[in-house]
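The values are calculated or read from the model by the stated rules, or taken from the named source; none is laboratory data. From a predicted model like this one, the values you see are computed outputs, not experimental measurements. When we count neighbours, we look across all protein chains shown, and the Cβ atoms used for this are built from the backbone with ideal geometry, even at glycine. All accessible areas refer to the heavy atoms of the entire protein, side chains included, with ligands and DNA or RNA removed. Shrake-Rupley method; radii C 1.70, N 1.55, O 1.52, S 1.80 Å.
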Amino acid sequence: MKKICVLTGAGMSAESGVKTFRDDDGLWENHEITEVATPEAFERNPELVLDFYNQRRRQLLEVKPNAAHLDLVRLEEKYDVQIITQNVDDLHERAGSSSILHLHGELMKSRSVEHPHLIYNQIDDLNLGDLCENNYQLRPHIVWFGEAVPEMENAIKLVSEADIIIIIGTSMQVYPAAGLIDYKKEEAPVYFIDPKPSIKSSDSIEVIAKKASLGVHELVNRLL
């Protein structure tokens, strides 16, 4: 069974109604990134950071997987499919994909500030005073700016083993995620699906300049 590695970004979930965190003006819901998405921000004003992610989590509970998420599940009929997502939503899981690696963490989980391996499902709001089993404060299970990406080595391994690479809804401009493509097999074809692609088609890359639902549907039908 051939291996497909799918790299997804914000454009994958946009059609579900998930707002991209970062607006055109660079702000995250009217906040500077340094106010809500760094370890220092959490130390400085934990209530603000917790409220920011509580709002994102509430919004996520109101949306559903879109056609692109569902089409990726169909690929599993014929391929060993591994999804590597930069998204912190759980829409791939809810659509039914079997194997998902979250590079930047998961909005629907929390973890201990002192013991990062203590990770909990988090559906309700997360508040100051919510503690792990060792009595340390819980924080969003999100990789903030300035923090290491713990799943990076696993992601590199998956990309290096893939026979086909599909990139959906991400510019592949943000590192370290953007560097993943450098680890692919030389002969592995790359399909790049984005309505405003940042790259052009070449010998090894086919650009499909469509939004996720249309581009993924077209490609999945072709591969099946």
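Among ASP194, ASP182, ASP80, which one moves the most in a GNM of the chain with springs linking Cα atoms closer than 10 Å? Between ASP194, ASP182, ASP80, it is ASP182 that shows the largest mean-square fluctuation. Loop-located GluC sites (Glu not before Pro) in region 64-130 (DSSP state other than H, G, I, E, B) with a sparse environment of at most 15 neighbouring Cβ atoms within 10 Å: GLU114.
Please report the antiparallel percentage of DSSP beta bridges with both residues in the chain, rounded to the nearest 5. Let's see the in-between values first.
Values: 11 of 33 bridges.
Antiparallel bridges: around 35 percent, rounded to the nearest 5.
Sorting LEU128, LEU75 by solvent-accessible area of protein heavy atoms yields LEU128, LEU75, largest first, with a 1.4 Å probe.
Counting only Cβ charges, +1 for Lys and Arg and -1 for Asp and Glu, the dipole size of the chain around its Cα centre is about 700 debye.
Applying both filters, DSSP loop and at most 16 other Cβ atoms within 10 Å, to the GluC sites (Glu not before Pro) of region 31-67 gives GLU32, GLU62. Along the axis of the charge dipole computed for region 67-224 (Cβ charges of +1 for Lys and Arg, -1 for Asp and Glu, origin at the Cα centre), the listed residues LEU107, GLN122, LEU223 are led at the positive end by LEU223.
The packing ranking of peptides 197-203, 8-14, highest mean first, is 8-14, 197-203, where packing means the average number of other beta carbon atoms within 10 angstrom of each residue.
Applying a 10 Å radius around every beta-carbon, put 161-172, 204-215 in order of their mean neighbour count, most first.
Values: 161-172: 21.7, 204-215: 18.1.
Ranking, from highest mean packing down: 161-172, 204-215.
The modelled label-to-label distance for the pair PHE145/LEU61, using points 7 Å beyond Cα in the direction of Cβ, is 2.9 nm.
Packing-based ranking of 66-72, 55-61 yields 66-72, 55-61, ordered from highest to lowest mean Cβ neighbour count within 10 Å.
For the chain, the relative contact order works out to 24 percent when only alpha carbon pairs closer than 8 Å and six or more residues apart are counted. If you take every DSSP beta bridge fully contained in region 108-224, what fraction is antiparallel? Give it as a percent rounded to 5. Bridges in region 108-224 are about 45 percent antiparallel. One chain, two ends: ASP125 and LEU223. Fully extended at 0.36 nm per residue, the span grows by 31.2 nm beyond their Cα-Cα distance. For a straight C-alpha distance cut-off of 15 angstrom, the aspartates and glutamates reachable from LYS2 (same-chain residues fewer than eight places away being disregarded) are GLU76, GLU77, ASP80, GLU161, ASP163, GLU187.
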